[in-house]
Amino acid sequence: MATAGKVIKCKAAVAWEAGKPLSIEEVEVAPPQAMEVRVKILFTALCHTDVYFWEAKTPVFPRIFGHEAGGIIESVGEGVTDVAPGDHVLPVFTGECKECAHCKSAESNMCDLLRINTDRGVMIGDGKSRFSINGKPIYHFVGTSTFSEYTVMHVGCVAKINPEAPLDKVCVLSCGISTGLGASINVAKPPKGSTVAIFGLGAVGLAAAEGARIAGASRIIGVDLNPSRFEEARKFGCTEFVNPKDHKKPVQQVLAEMTNGGVDRSVECTGNINAMVQAFECVHDGWGVAVLVGVPHKDAEFKTNPMNFLNERTLKGTFFGNYKPRTDLPNVVELYMKKELEVEKFITHSVPFAEINKAFDLMAKGEGIRCIIRMEN
Ligand code: NAD
Ligand code: ZN
């Protein structure tokens with residue numbers, strides 16, 4: 001590429017201050033350094049984590065948010081051998097160095113080197129930002145910063161995927177959808193014909209329902225305080241619904257009565273501590289497994305009677321659905337290519353890059369599931 005090794009001037013949506021609408025600016029994007037790649041982003045989507053850190057008054061501003069996306073490698077830095085210019089990639093907010101104890105363990109995806117870090121706004125290689133405006137640094141977000149026409153990432157945070165996969169669709173697999181899907185398929189592992197409860201029917205919960213369906217669960221009970229989520233959830237395999245507000249009894253008891261003693265599996269996708277406890281206590285004794293996915297309030301504490309464990313209930317948690325980004329994400333894309341996974345139904349809106357703030361408005365109103373932001377038109 002003619003741009004390799006040079007600074008690229010392009011458009012990026014910059015968050016100058018917490019909670020203020022993003023503004024489209026011309027930024028300079030430095031070339032990738034050792035073990036880094038520069039990616040031309042074609043499609044990106046807005047996820048709750050972006051909104052959470054955009055609203056939070058952290059010291060890391062001005063900043064370029066965005067982590068759910070799809071793009072093409074423009075150039076690579078020294079030492080990069082896994083990907084080359086022209087490769088299609090999905091950026092991931094957590095990485096896989098392939099060398100640490102976690103990356104070498106078949107059970108973990110919590111890479112020591114590239115695990116998500118929301119406080120860091122610079123590259124790990126040299127502690128500097130690759131984005132600037134008039135020489136002043138603009139900070140990165142979770143190593144991805146996809147709200148920019150070009151971004152620089154560590155090579156361990158990009159998953160090389162099938163170039164035939166449509167990036168405007170599979171970009172949503174780079175975060176929330178894979179998280180929910182993997183929480184069911186890789187962690188809860190519902191046996192065929194089992195009953196699964198999904199707490200929270202946002203993008204992550206709907207993907208968890210889809211994962212339970214793919215795994216062969218026959219009853220999928222959606223639990224949400226917002227009944228407007230129920231109609232949509234049918235498309236993702238939910239067969240029944242419970243709104244805890246409709247019952248005087250604790251929801252654990254309601255679910256136990258519906259299922260002859262408890263559900264076989266539950267997946268919590270709310271971030272609410274009460275829902276986490278309920279999701280654990282509603283699983284059947286003897287074999288039930290509950291999986292926590294939602295990110296709790298920083299001061300939250302999980303309280304339950306230890307007898308619930310002695311009675312052979314299992315509680316687990318997962319991060320990015322236990323997928324190793326570089327090793328496993330290409331296979332999730334293949335599930336879509338083989339038509340075993342539908343991603344279109346997660347994409348409810350689409351806006352051009354210039355109108356990125358509309359995606360924030362939609363999320364604030366709780367409308368739809370995913371809004372795709374088109375970088376080129
Ligand atoms: P969302 O806000 O779109 O959906 C959450 C849903 O939960 C909403 O429909 C809401 O009505 C419902 N809800 C809230 N409190 C509830 C309660 N007490 N009982 C029942 N339902 C309740 O969020 P999302 O984008 O789908 O994300 C879900 C959670 O997953 C968030 O906490 C997010 O931070 C987390 N997350 C975790 C990972 C991970 O790797 N572990 C990755 C991505 C997102
Ligand atoms: Zn690692």
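Here, each number is a calculation from the coordinates, and none is a lab measurement. Quantities reported herein were computed from a predicted structural model and do not represent experimental measurements. Virtual Cβ from ideal backbone geometry, glycine too; neighbours counted across all protein chains shown.
Below are the figures for this structure:
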item	result
Loop sites in segment 292-377: trypsin sites (Lys or Arg not before Pro), DSSP, at most 14 other Cβ within 10 Å	K298, K303, K338, K339, K365
Among H48, C103, T58 - extreme Cα towards positive end, dipole of segment 41-119, charges at beta-carbon	T58
5 angstrom amide H check on Y150, placed H, neighbours 5+ away	I41
Hydrodynamic radius of segment 180-319 per Kirkwood, over alpha carbon pairs, in Å	14.3
Farthest positive-ward along the chain dipole, Cα basis, beta-carbon charges - from P166, A13, A233	A233
Total formal charge among the other residues, if their Cβ is under 14 angstrom from that of F141, Lys/Arg +1 and Asp/Glu -1	-1
Relative packing of peptides 70-82, 248-260, 191-203 - highest average C-beta neighbours within 10 Å first	191-203, 70-82, 248-260
Filtered trypsin sites (Lys or Arg not before Pro), segment 1-72: DSSP coil and at most 16 other beta carbons within 10 Å	K6, K57
Student exercise, segment 180-319 dipole from Lys, Arg, Asp, Glu Cβ charges, in Debye to nearest 20	180
Euclidean distance of C-alpha centroids, segment 1-69 and segment 93-151, integer Å	12
Radius 14 Å from Cβ of C103, net charge of other residues (Lys, Arg +1; Asp, Glu -1)	-1
Mean-position separation - Cα centroids, segment 236-313 and segment 184-200, in angstrom	12
Ellipsoid semi-axes in whole angstrom, largest first, where each is sqrt(5λ) of the Cα gyration tensor of the chain	37, 21, 19
Positive minus negative residues near V254 (Lys, Arg vs Asp, Glu; Cβ under 10 Å)	0
The chain - charge dipole about Cα centre, Lys and Arg +1 at Cβ, Asp and Glu -1, debye rounded to 20	140
